[in-house]
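Data first, discussion second: the structure below is written as structure tokens.
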Amino acid sequence: MTLKCAHCGLVNFAADQTCRRCGASLLPGDLIVPVETEKERGFGRRLLWVFGTTLTLLFVYFVSLLVTSEGLDVDERRTVAGAIAVVKQTGFSNEAFVLGSLVTYRRTDNWWNAYMGHQDAYAATNFPFEVVTLYPGFFIFAVDDTERAAILLHESYHLFGAGEEAALQGVWLEKQRLGWTADQYNQTKVWKNTKEWTTGSLPGLFRCGTDGHSDCVQ
């Protein structure tokens, strides 16, 4: 005599009390408790393999960004810390936390940035690896910590996954709060560049005033 398992269909010996394949009870009147089958276990193993492989590839990619670029020197790290302090003091606490605690800063292009190109950017972000490259203009052309804070605030939008247009809009809308105002900075290179890039991407922010060409966030 044999007993066929009602759960997985395996034919067991009559003396068996549980299924040799899935472990379900073969006793009359017992409720069949769903048990993980070999197929389910195989799927779980494949899923873990895919997950582990993905993490490994991401880690290798992250390391490749670091080994193909140079880190900041002591003075540059001090400069960045001053700019982050301005970001935090002006109320951007979440952005300051990410910029100060989760970001790996570099001073030269990694292989991916070199491949993509950065034109006249002051910084570049590799999302989601939270690697920020600061180009010479960040240290040379920004006139003080407030202006460098504006650049880092821009990059913080990328660190959260936002695109270039959203980053430009965010900084331009928040520039007063940051203390980066036209009265003090409208003649600096960073201000002029940022205004030019923002005007090109978001012309609607500059259609105010009697002439229809003034800054709507002034």
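The values are calculated or read from the model by the stated rules, or taken from the named source; none is laboratory data. Keep in mind it's a predicted model, so treat the numbers as computed, not measured. FYI the Cβ positions are ideal-geometry reconstructions off the backbone, even for glycines, and counts take in every protein chain you see.
A compact table of results
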{"read-out": "Pair list, Cβ < 9 Å and 6+ apart or interchain, from the stretch 151-166 residues that are free of Cβ contacts under 8 Å to residues at least 40 places away in the same chain and among the aromatic types (Phe, Trp, Tyr) to residues that are surrounded by 15 or more Cβ atoms within 10 Å (Cβ to Cβ) and in a helix (DSSP H, G or I)", "value": "TYR157/GLU95; TYR157/ALA166; TYR157/ALA167; TYR157/LEU168; TYR157/GLN169; TYR157/GLY170; TYR157/VAL171"}
{"read-out": "Boolean, ALA85 is surrounded by 14 or more Cβ atoms within 10 Å (Cβ to Cβ), among the small types (Gly, Ala, Ser), assigned to a helix (DSSP H, G or I) and assigned by TED's automatic domain parsing to the domain that holds LYS189", "value": "yes"}
{"read-out": "Residue match in the stretch 91-113 (condition: more than 18 Å from the chain's Cα centre (by Cα), of a type outside the set (Phe, Trp, Tyr), buried (at least 20 other Cβ atoms within 10 Å of the Cβ) and assigned by TED's automatic domain parsing to the domain that holds PHE139)", "value": "no"}
{"read-out": "Number of the condition not met by ASP211 [criteria: (1) in a loop (DSSP other than H, G, I, E, B); (2) at pLDDT 95 or above]", "value": "(2)"}
{"read-out": "Answer from THR108, THR125, THR146 - the residue that is under 26 Å from SER201 (Cα atoms) and not in a helix (DSSP H, G or I)", "value": "THR125"}
{"read-out": "Boolean, ALA167 is modelled with pLDDT under 95, buried (at least 16 other Cβ atoms within 10 Å of the Cβ), closer than 30 Å to LEU57 by Cα and of a type in the set (Gly, Ala, Ser)", "value": "no"}
{"read-out": "Any hit, the stretch 23-46, residues being among the aromatic types (Phe, Trp, Tyr) and modelled with pLDDT under 80", "value": "yes"}
{"read-out": "Residue, farthest from ARG106 (Cα to Cα), within the stretch 59-79, restricted to residues that are touching a residue at least 24 places away in the same chain (Cβ under 8 Å) and in a helix (DSSP H, G or I)", "value": "TYR61"}
{"read-out": "The lone exception for ASN12 - which of (1) modelled with pLDDT of 75 or more; (2) in a loop (DSSP other than H, G, I, E, B) it fails", "value": "(2)"}
